[in-house]
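Notes for the one structure printed next.
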Amino acid sequence: MKVAIIGAGLGGLASAIALRKRGVDVQVFERARELRPIGAGLTLAPNGLKALNAIDPDIVARLLELGSQNSRLYLRRANGDLITEIPITFMDRYGQPMLNIVWSCLQKVLTGFLKADAVRLDHRLVGFERTNDGLSLHFDGRDPVTADVLVGADGINSTVRQIMVGDGPPRYAGRLCWRSVVSYQHPSLLPDEVTFFAGVDGRNFSMFDVGSGLVFWSATALWPAWPISDGIAPRQRVTEAFAGWAPLVQDVLAATPPEDIVERPIEDRAPLASWRSHRVTLLGDAAHAMVPSLGQGANMAFEDAWELAQALAGEPDTQAALIHYESSRIPRTQVVHARSAAQGYRYYDADNETFSRSVLEQASADQRAFEDWLYGWSP
């Protein structure tokens, strides 16, 4: 079997590693000319780490060396007053920690588990078509490539999804996000800890230790429309949005170079009833982009990667394998999508044509029960 993966993001790379370890011929095609650092951090939850550990335990061992294992969460008001502090005991409960790490560091680690020729850069997919015995992939300015299976792991703006489904651009969720990774030390920002500032008007600001003396900060606010054409730079906009907040918020903003602040809309996509068409399937944000209120985007992609490799390597019939893959993933990702939406100021009715009543009931479980269901997942 020859598998082509579109997108060298976290899900695409993890899928390639998982498939290659099972003897599948895999090639990753990435439209970027180089894999450049991204100014963002992320949290790997126990379920995502368990998926990576099933793919290759050495991946997790390396990540634990580089990242920060979250041991305590501080919840504060906008003025800095402490509301509560919560010890994080996920390692004891679920067998893996909450690990905060720089996005680009994680991408570099995953790339290191593939051979140099596994990722082809500067390959922008423009189309694909069925052939007698598989698929023919067409890239801008490149020769066609044949494959038995095509995996669209090309993110929320997936080309593969648009060719398959054609559902247009992502949906703006009414919130704007600013983020950066900065080398910064402060007595209130201790190793392995997270501080979350909550406003009463939909604004919040969080700071994560992500290892190596780096702090990842992320700020979100309700915002009426996107895109914005007022000509204001992201640094000025986020500074104005959080003016008067705690001194620690002001200090970390002042310590961040303006050119390192990334401004993005928070978006999602409506869930699909099927991710499959012939020999083509979707993975990660291309399949189930959700608002980041639960921080499960990468973790769901790693679960996808494990399940896809299991299906393709364990089922001789390609169609049966892809059916098995999506049937194992769609119900779970729909629950996480619905829970993320509810916590991210987007709600769905029980009679919604995409979400079943049972999905919404499971997504509405109390926090402890939901955490056990989410983080207790085992590959």
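Quick notes
- Restricting attention to segment 116-134, the residues that are open to solvent by 60 Å² or more (accessible area, probe 1.4 Å) and in a strand (DSSP E or B) add up to 4.
- When we screen 239, 159 for residues that are out of contact with any Asp or Glu (no Cβ under 9 Å at 6 or more places or on another chain), closer than 30 Å to residue 27 by Cβ, among the polar types (S, T, N, Q) and modelled with pLDDT of 95 or more, the only hit is 159.
- Restricting segment 227-238 to residues that are open to solvent by less than 80 Å² (accessible area, probe 1.4 Å) and assigned to a helix (DSSP H, G or I), the residue that is farthest from residue 104 (Cα to Cα): 237
- Residue that is least open to solvent (accessible area, probe 1.4 Å) [pool: residues in segment 257-286 that are in contact (Cβ under 8 Å) with a residue 60 or more places away in the chain and part of a helix (DSSP H, G or I)]: 286
- Residue among 67, 39, 9, 48 that is within 29 Å of residue 219 (Cα to Cα), at pLDDT below 95, within 17 Å of the chain's Cα centre (by Cα) and open to solvent by less than 60 Å² (accessible area, probe 1.4 Å): 39
- The numbered conditions (1) modelled with pLDDT of 95 or more; (2) open to solvent by 20 Å² or more (accessible area, probe 1.4 Å); (3) not in a loop (DSSP other than H, G, I, E, B) are all true for residue 79 except (3).
- Residues being within 14 Å of residue 256 (Cβ to Cβ) and over 22 Å from the mean Cα position of the chain (by Cα) - total across segment 202-238: 6
- Subset tally (residues that are in a strand (DSSP E or B) and out of contact with any helix residue (DSSP H, G or I) (no Cβ under 9 Å at 6 or more places or on another chain)) for segment 135-173: 10
- Screening segment 330-367 for residues that are of a type in the set (S, T, N, Q) and open to solvent by less than 70 Å² (accessible area, probe 1.4 Å) and picking the one that is modelled with the highest pLDDT gives 333.
- Enumeration of residues in segment 265-278 that are out of contact with any helix residue (DSSP H, G or I) (no Cβ under 6 Å at 6 or more places or on another chain) and on the phi < 0 side of the Ramachandran plot: 265, 266, 267, 268, 269, 270, 272, 273, 274
- Filter result (closer than 30 Å to residue 65 by Cβ and free of Cβ contacts under 8 Å to residues at least 24 places away in the same chain) within segment 212-248: none
- Tally, over segment 51-64, of residues that are over 18 Å from the mean Cα position of the chain (by Cα) and either hydroxyl-bearing (Ser, Thr, Tyr) or buried (at least 16 other Cβ atoms within 10 Å of the Cβ) (or both): 4
- Selection of first residues in segment 314-330 that are assigned to a helix (DSSP H, G or I) and of second residues that are β-branched (Val, Ile, Thr), restricted to Cβ pairs under 9 Å at least 6 apart or on distinct chains, gives the following pairs, ordered by first then second residue: 318/149; 321/149; 322/149; 322/280; 322/281; 325/281; 326/281.
- Within segment 189-201, residues that are of a type in the set (D, E, K, R) have Cβ atoms under 6 Å from residues that are part of a strand (DSSP E or B) and open to solvent by 40 Å² or more (accessible area, probe 1.4 Å) in these pairs: 192/69; 193/72, counting only partners at least 6 apart in sequence or on another chain.
- Those residues of segment 180-226 which are in contact with a Ser or Thr (Cβ under 8 Å, 6 or more places away or on another chain), open to solvent by 30 Å² or more (accessible area, probe 1.4 Å) and of a type in the set (A, V, I, L, M), in sequence order: 189, 214
The values are calculated or read from the model by the stated rules, or taken from the named source; none is laboratory data. Note that the structure is predicted; figures quoted are calculated from it, not measured. Backbone-built Cβ (ideal geometry, glycine too); neighbour counts: all protein chains shown. Surface accessibility is based on the protein's heavy atoms, side chains included, excluding ligands, DNA and RNA. Shrake-Rupley method; radii C 1.70, N 1.55, O 1.52, S 1.80 Å.
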